[in-house]
Amino acid sequence: MTHYFGIRHLSPKSSSAFLAFCERHRPDAILIEAPSDVSELMKHILHTESKPPVCILAYSTDLPVRTFMLPFAEYSPEYQAVHWGLNNGAYVEFIDLPSDIFLAFQTDSRYNNSGVQSGESVYERWTYAAAEADFDTYWERSFEQLQDDQFALAANTFGESLRSLDEVTPLHLVRERYMRRKLRTAEQKYSNIVVLCGAYHSSALKDGEVMTDSELAEMPRLKSSLTLMPYSYLRLSTKTGYGAGNSAPLYYETLWKNRLEPSKARIDFLSSVTRYLRTQGKAKSLSDTIDAVKLSFALAEMNGTHMPVLADLRSAAVSVLGDGELSDIAEALAMAEVGTTMGTLPKGVLRTPIQDDFYEKVKLLKLEKYCTTTAQTLSLSLRENTRSGANPFLDLKRSEFLHQLVTLEIGFCKKEQLQQVKGTWKELWSLQWTPEHEIQLVESFSIGETVEAAASYAILAALHSSSTSKDIAVLINLAQLCNLPVYSEAVKRLQSLYSDSQNLHDLTETAVTLANILSYGSVRKTDIEPIKPLLSQLYLHACMILPTESCCNQAEASKVLADIRSLNSIIFDHNALLDGSHFTRALQTISSGESVNPLLSGTAFSLLIEKNQLSDTQIEAEISLRLSPAVQGNNAASWIEGVTCTNHYALLSRSFFWRSIDEYISSLDEEGFMRCLVFLRRAFSDFSAEEKRDIFKQLGSLWNENDQEVEAYMAPTLSKAELDALARLSEYTFDD
């Protein structure tokens with residue numbers, strides 16, 4: 001005899017009712033709706049060292065990688081069914097389509113649900129008819145509180161009703177034909193069979209067409225493989241994977257563990273909310289918990305059930321423990337409903353080579369304690385120089401490994417910003433492990449059997465598709481951070497490409513990246529010698545085209561200004577390698593050029609002062625020329641902005657500069673003043689308070705006024721509206 005037992009995936013009542021059914025009927029075979037090729041993996045999931053939630057992951061071995069998941073919680077009916085079958089000598093088999101067919105269906109228009117009607121799903125329509133807020137609440141109120149012997153009939157009837165209201169998709173039909181095929185084969189060997197399947201399918205599997213050999217042979221398939229991975233309740237709550245999930249997996253675990261004492265499950269839930277609130281410093285007493293429990297049962301009675309459902313418990317918690325404010329207890333509810341539970345698997349279970357490599361590296365680098373769902377920080381010091389011992393240069397190796405994971409876009413680690421400005425020997429990382437990261441790891445197996453090999457492949461692929469020197473420089477930097485053998489190949493690629501670039505910004509960005517590599521090359525213990533001639537040549541090339549690029553409009557000037565600053569910084573950091581005279585000659589040409597953008601000529605002039613390349617006589621002559629009445633439009637104001645954007649202290653002591661600015665501004669009419677105000681505002685906006693006080697002293701001396709009176713006049717307290725208006729000024733650019 002064949003029995004059809006309809007369930008809802010990840011339903012505690014489905015599990016307890018099915019176990020009770022098996023105890024009464026003692027089947028000799030259990031057939032389960034799940035991909036037929038994963039049956040052999042269940043022995044690992046049921047291992048004594050395994051702890052749900054765990055997941056079977058199918059993935060395609062060719063690019064692009066596609067994945068298919070089959071997660072199990074302790075209260076999953078499929079998990080409990082296999083457990084009962086193996087413990088009681090029953091034959092257990094999964095009977096749904098193999099995972100390689102499911103993977104192929106993801107892009108097959110015949111089976112990827114393209115024929116499903118738009119609008120509300122049948123579950124949404126049913127929920128609306130039942131006057132419930134969501135389907136989870138409807139299911140819990142209508143089915144999770146049934147007696148075990150009532151469940152099977154109710155679930156099967158419900159599934160048949162759903163099917164009568166729904167448009168059955170081609171995917172459902174082909175799956176059911178395949179499951180009937182497996183069922184008919186089993187009926188030839190076993191006389192007492194129970195079929196565990198979604199309630200939607202239970203009525204359809206009794207009768208109907210069976211998939212033929214030729215139809216099975218024509219099914220699309222993808223070359224694929226299977227692996228196991230720990231799962232988490234957080235992932236399960238997102239309703240992803242085969243059979244979806246549920247929104248409150250930890251709450252359902254509480255129902256499962258207290259299935260013989262259902263009232264205790266509700267008390268435990270609200271008690272856990274109270275305990276969490278106490279850990280957050282919120283004073284909640286035992287009497288508060290008791291009041292919340294009483295209210296939840298009262299709400300259940302009002303809704304026609306003898307036990308509160310999760311919606312009732314939430315309402316009671318908000319009313320009593322949150323004093324009516326959901327925001328005050330939202331985190332506590334999330335911890336009680338979802339939690340941070342993550343499953344485990346024993347060592348040596350089926351995994352891809354890259355997974356094995358990852359976990360070996362994690363153990364070797366002492367990172368095991370960071371593989372949790374709780375985010376933790378890790379500080380690394382790359383200056384450590386421990387050559388002795390079992391694990392020398394531990395932090396450096398950790399850094400290389402974490403950068404390899406970042407290269408593969410595996411979200412286990414994230415590099416955080418440090419307060420240090422130039423230091424390159426210290427790193428701060430945030431680490432947090434989730435099942436999503438395991439999936440990302442498995443997907444990387446398609447390009448390498450180890451983390452290092454996959455990261456090398458990823459960089460090589462990017463290297464071959466990159467066409468600009470700055471992109472290749474970034475890859476060189478990444479290869480160095482990861483300590484990958486592709487570092488030398490990336491350097492050669494840049495050597496063959498950089499000379500073709502005539503783009504100043506690309507050249508400068510490339511040079512900045514290479515300069516950074518040189519700065520911490522010794523810390524990284526990589527060969528930086530090939531970088532030195534590259535940086536020298538890029539620097540020289542940039543200096544040669546800088547004057548021409550400085551003859552530009554106002555919109556382009558800000559980009560060139562950034563390039564000038566970058567080149568100046570590179571020379572400062574690597575003066576022993578780079579000949580600064582090339583940059584100085586470029587600055588001299590820019591400073592005196594008639595067609596050069598005034599912002600850039602002012603910047604070049606200021607840098608020449610900073611480098612002691614101009615005498616006081618030359619400085620005064622240039623200032624007089626630039627701020628003379630003959631200078632038209634906004635050129636003078638823009639030049640002032642350029643002068644003030646570098647070394648403030650070189651200007652503060654030069655009274656001639658401030659006298660010239662004062663005379664220039666005094667010569668403007670009202671319209672001219674308003675037009676140059678934008679530039680003047682930007683010019684002095686980044687001066688510090690102390691520097692501004694020095695300016696007020698200079699002006700006080702010029703005007704024969706007291707400095708404090710000048711400061712009070714020049715720097716009044718502004719209203720928010722005035723500050724907003726000034727901020728908007730910086731957005732404007734005037735053309736002559």
Any chance you could run the full-extension gain for Thr373 through Ser465? It's 0.36 nm times the residue separation minus the Cα-Cα distance, nm to one decimal. 29.5 nm
Heavy atoms of Asp724: accessible area, 1.4 Å probe, square angstrom to 10: 60 Å²
Can you give me the accessible area per residue for the chain, using a 1.4 Å probe, in Å²? 46 Å²
If you add up the charges near Ile32, with Lys and Arg at +1 and Asp and Glu at -1, over every other residue whose beta carbon is less than 12 angstrom from its beta carbon, what do you get? -3
DSSP-defined antiparallel bridges as percent of all bridges, the chain, nearest 5: 60 percent
GluC sites (Glu not before Pro) lying in DSSP loop within segment 277-366, provided at most 11 other Cβ fall within 10 Å: Glu325
Those GluC sites (Glu not before Pro) in segment 203-298 that DSSP places in a loop and that have at most 16 other beta carbons within 10 Å: Glu209
For Gln106 and Asp148 in one chain, what is 0.36 nm times their gap in residues minus the Cα-Cα distance, to one decimal in nm? 11.4 nm
Would you please report the Å³ per residue occupied by the convex hull of the alpha carbon atoms in segment 1-152? 156 Å³
Mind pulling the angle between the C-alpha long axis of helix 554-573 and the longest principal axis of the chain? Nearest 10 degrees, somewhere in 0 to 90. 90 degrees
Report, in deg cm²/dmol and to the nearest 500, the calculated mean residue ellipticity at 222 nm for the chain, where each DSSP H run with n ≥ 4 adds -39500 (n - 2.57) and the sum is divided by the residue count. -17000 deg cm²/dmol
How much length, in nm to one decimal, is gained on full extension between Ile290 and Leu428, taken as 0.36 nm per residue of separation minus their Cα-Cα distance? 45.2 nm
Residue-level accessible surface for Ser224, protein heavy atoms, 1.4 Å, Å²: 40 Å²
Degrees, to the nearest 10: 598-610 long Cα axis against longest axis of the chain: 70 degrees
Over the chain, what percent of the accessible surface lies on carbon and sulfur atoms, probe 1.4 Å? 51 percent
For the chain, what is the per residue volume of the convex hull drawn over the alpha-carbon atoms, in cubic angstrom? 239 Å³
Hey, if we sort Asp134, Asp312 by accessible area with the 1.4 Å probe, largest down, what's the order? Asp134, Asp312
When only C-alpha pairs under 8 Å and at least 6 residues apart count, what is the relative contact order of the chain, in percent? 10 percent
Cα-based shape type of segment 142-216, given that a ≥ b ≥ c are square roots of the gyration tensor eigenvalues and the cut on a/c is 1.5: oblate
Which aspartates and glutamates does Lys13 reach when only Cα atoms under 12 Å apart count, and residues fewer than 8 places away in its own chain are ignored? Glu140, Glu144, Asp148, Asp149, Glu253
Cα-projected label distance for Arg26 with Ser191, points at 7 Å along beta-carbon direction, nm: 1.3 nm
If you take every residue apart from Leu460 with its C-beta less than 11 Å away from the C-beta of Leu460, what net charge results, scoring Lys and Arg +1 and Asp and Glu -1? 0
Assigned charges on the beta-carbon of Lys, Arg, Asp, Glu; segment 436-514 dipole about Cα centre (debye): 360 debye
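Set the Förster radius R0 to 60 Å, insert the Cβ-Cβ distance between Asp356 and Ala721 as r into 1/(1 + (r/R0)^6), and round the FRET efficiency to 0.05.
Given R0 = 60 Å and the Cβ-Cβ separation, E is 0.40.
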Nitroxide proxy distance, nm - points 7 Å out along Cα→Cβ at Arg125 and Asp323: 4.7 nm
By how many degrees, between 0 and 90 and to the nearest 10, does the Cα long axis of helix 435-444 differ from the longest principal axis of the chain? 80 degrees
What are the residues whose amide H is under 5 Å from the amide H of Lys426, where those residues sit 5 or more places off or on another chain and H is modelled from the backbone? Leu382
Can you give the FRET efficiency to the nearest 0.05 for Ala217 and Phe393, using r as the Cβ-Cβ distance and R₀ = 56 Å? 0.50
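Hey, got a sec? Which trypsin sites (Lys or Arg not before Pro) in segment 552-637 land in a DSSP loop and have at most 16 other Cβ atoms within 10 Å?
Filter output for segment 552-637: Lys611.
The values are calculated or read from the model by the stated rules, or taken from the named source; none is laboratory data. Given the structure is predicted, the values throughout are model-derived calculations rather than measurements. Methodologically, a virtual Cβ is constructed for each residue, glycine included, from the backbone with ideal geometry; neighbour enumeration extends over all protein chains shown. In case anyone asks, the SASA skips ligands and DNA or RNA and just uses the protein heavy atoms, side chains included. Shrake-Rupley method; radii C 1.70, N 1.55, O 1.52, S 1.80 Å.
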